[in-house]
1. Can you give the translational diffusion coefficient of region 67-187 in µm²/s, computed by Stokes-Einstein from the Kirkwood radius over Cα pairs at 20 °C and 1.002 mPa s?
2. Might you report the magnitude of the Cβ-based charge dipole of region 256-377 about its Cα centre, with Lys and Arg at +1 and Asp and Glu at -1, to the nearest 20 debye?
3. For the modelled label position 7 Å from the Cα of Ala145 along Cα-to-Cβ, which residues of region 155-183 have backbone nitrogen atoms closer than 17 Å?
4. Could you work out the Kirkwood radius for region 218-273, taking every pair of different alpha carbons, averaging 1/r and inverting it, reported in Å?
5. Using the Kirkwood radius over C-alpha pairs as Rh, can you work out the diffusion coefficient of region 17-129 via Stokes-Einstein at 20 °C, viscosity 1.002 mPa s, in µm² per second?
6. Have a look at Thr161, Thr84, Thr263 and tell me which one the Gaussian network model of the chain (Cα, springs below 10 Å) gives the largest fluctuation.
7. Have a look at Asp200, Asp304, Asp226 and tell me which one the Gaussian network model of the chain (Cα, springs below 10 Å) gives the largest fluctuation.
8. Which value, in Å³ per residue, describes the convex hull spanned by the Cα atoms of region 133-241?
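None of the figures in this text is laboratory data; all of them are computed from the coordinates on show. Bear in mind that the values here come from a model prediction, so they are computed numbers and not experimental data. Methodologically, a virtual Cβ is constructed for each residue, glycine included, from the backbone with ideal geometry; neighbour enumeration extends over all protein chains shown.
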Amino acid sequence: MALPRLVPRSAVDPPGTRALRTEVREFLAEAIAAGAFTPAVDAWLCGWDEDFTAKLAARGWLGMTVPTAYGGHGRSFLERFVVTEELLSAGAPVAAHWIADRQIVPSLLKYGTESQKAEFLPRIVRGECFFAIGMSEPDSGSDLASVRTRAERVHGGWILTGTKLWTSGAHLAHAFIALARNERVDPSDRHAGLSQFIVDLRGPGVEIRPIVSMNGAHHFNEVVLDQTFVPEAMVFGQIGEGWRQVTSELAYERSGPERFLSTYVLLEAIVKAASLQGFPRTPEIGRLVARVAALHQMSAAIADALQRDESADVSAALVKLLGTTTEGDIAEFADLTGDHSAGQTLSDLTRAALDQRPGFTLRGGTNEVLRGVIARGLGIR
């Protein structure tokens, strides 16, 4: 018995997607067999491999939704969904390009200037430009309206001063989009006076301090902006529209399959071990598989909505809330139920999942914040 890879229903799959899924699976199987990578938990955050990213770019699997005018492939969000789902379910090392491809691409297409699109999109498509996200700050948590990074207008641009926290991959990325306050806080509207800026992470006035996890891994960073100059050409979107832009971008961050597939390789290992009598056979395994399958359908439906340029803020928050909870439950189930003498692979995956679990329900918005988004979206007071 082997856990089948998830295949969408025809109701959410456009013609030709099944063949694309098969193509990606075959590529990944060959890469694993050749030792190009070892399937890992949370590989979209931890698996930074620029060579692997280059291979994906060569196959046209980066910037899939980018118009051909900017060097992209002009494909649909659902086609991109199929590719990313297969990469995630295989535990492939996609961290290098993940933020740029998932979040920066659609944001640039929606809010970027022509010069910004021309500068960044072709390089992202080629796997040559990596981005991070500059939202969270010390003492702010998921309350983005409380950001204290300041943006002051000067001749030719802006000066940014402040600190961004938990910035994944900033030590390796080329740039990030920073949310900053360009006006004093208005108590009657805390969301006003916020703007976004594209910041060169390798430029002057930027200090990147590593945040090393208890297991010794380095994925997160503290980014200190000390009188960092950002030219006017790198203002992202409209001054004062930062909050509206950020909330729109979060739909891309929260709804994707990475919000329920971070521990999929562990679940697959559990099913394999159970079939070989190396793991207790319990109904909970079936329940976990069913939860992942349901989340797959929800996430695919959001990809379809994004393709139609429909708002998906509330649906994305729901997927993120339910998905990251499921990821954590898989880790806990493996830890509490499994016989860790059953195999080194299962033991290693379980340990990695437990290490990463605290971050599942924090990054992209805490569960408490997401419940608030969902309640407000449903008109619940």
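1. Value of D from the Cα-based Kirkwood radius: 132 µm²/s.
2. With only Lys, Arg, Asp and Glu charged at Cβ, the dipole is about 140 debye.
3. Those under the cut-off are 180-183.
4. 15.6 Å
5. Rounded to a whole number, D works out at 152 µm²/s.
6. Top of the fluctuation ranking is Thr161.
7. Asp226
8. Once divided by residue count, the hull of region 133-241 is 91 Å³.
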